[in-house]
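Q: Below is the structure I would like to discuss, written out as structure tokens.
The values are calculated or read from the model by the stated rules, or taken from the named source; none is laboratory data. The shown structure was predicted, so the numbers you read here are calculated from the model rather than taken from an experiment. Positions of Cβ are backbone-derived with ideal geometry, glycine not excepted, and every protein chain shown enters the neighbour counts. Heavy atoms of the whole protein, side chains included, go into the accessibility calculation; ligands, DNA and RNA do not. Shrake-Rupley method; radii C 1.70, N 1.55, O 1.52, S 1.80 Å.
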Amino acid sequence: MELTQTVVDRSAGYRTLDLYQDPVTQEAALPGLERIAPGFPDWIVTSLFGGTYQRPGLQPRDRQLVNLATLATLGGVDPQLTGHIRSSLRVGLTRQQVVEVFVHLAPYIGTPKALAALRVAAATFEQLDAEEAAK
């Protein structure tokens with residue numbers, strides 16, 4: 001059996017990262033991770049954004065819906081959920097749609113996890129409003 005070759009494109013990964021993540025989100029994650037695990041942020045950007053995100057079949061908005069649902073379901077990943085809420089807004093979701101994702105999940109993942117995700121969303125929206133006001 002011959003397998004389809006995977007395309008992993010570092011340059012496309014960094015371009016895709018810039019599409020999804022604003023500078024604030026990138027600065028919140030990548031430099032600190034680089035200090036503790038040198039090279040790991042580049043691996044994430046290259047393999048994830050330069051590989052998985054390059055696959056056909058899902059639009060950026062669709063990918064973010066999946067990411068929001070998955071991170072809310074996991075729980076305990078507030079920094080990543082914050083980043084993906086910000087990314088979701090960048091690729092076209094509205095604040096109300098982000099909120100609705102978590103409300104919709106409550107019967108499936110449990111009210112405590114949905115409430116935790118809503119708290120992260122509220123804090124993220126407040127942070128975005130403060131950044132906008134500071135401009």
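Q: Any idea which residue in segment 26-67 is least open to solvent (accessible area, probe 1.4 Å), counting only those that are acidic (D, E) and over 18 Å from R10 (Cβ atoms)? Steps first, answer last, please.
A: Initially, segment 26-67 is screened for residues acidic (D, E), giving 27, 34, 42, 62.
Those left that are additionally over 18 Å from R10 (Cβ atoms): 27, 62.
Values: E27: 127, D62: 57 Å².
Once the filter is applied, the top-ranked residue is D62.
Q: Please work out if T70 is polar (S, T, N, Q) and open to solvent by less than 60 Å² (accessible area, probe 1.4 Å). Talk me through it step by step, then tell me what you get.
A: Details: polar (S, T, N, Q): yes; open to solvent by less than 60 Å² (accessible area, probe 1.4 Å): no.
Judged against the criteria, T70 is not a match.
Q: Which one is least open to solvent (accessible area, probe 1.4 Å), of the residues in segment 92-107 that are in a helix (DSSP H, G or I) and of a type in the set (S, T, N, Q)?
A: Let us first name the residues in segment 92-107 that are in a helix (DSSP H, G or I), namely 95-107.
Still in the running and of a type in the set (S, T, N, Q): 96-97.
Details: Q96: 117, Q97: 68 Å².
Top of the filtered list is Q97.
Q: Which residue pairs have Cβ atoms under 9 Å apart, sit 6 or more places apart or on different chains, and have a first residue in segment 108-132 that is of a type in the set (D, E, K, R) and crowded, with 16+ Cβ neighbours inside 10 Å and a second that is at pLDDT 95 or above and outside any helix (DSSP H, G or I)?
A: Pairs found: K113/G75.
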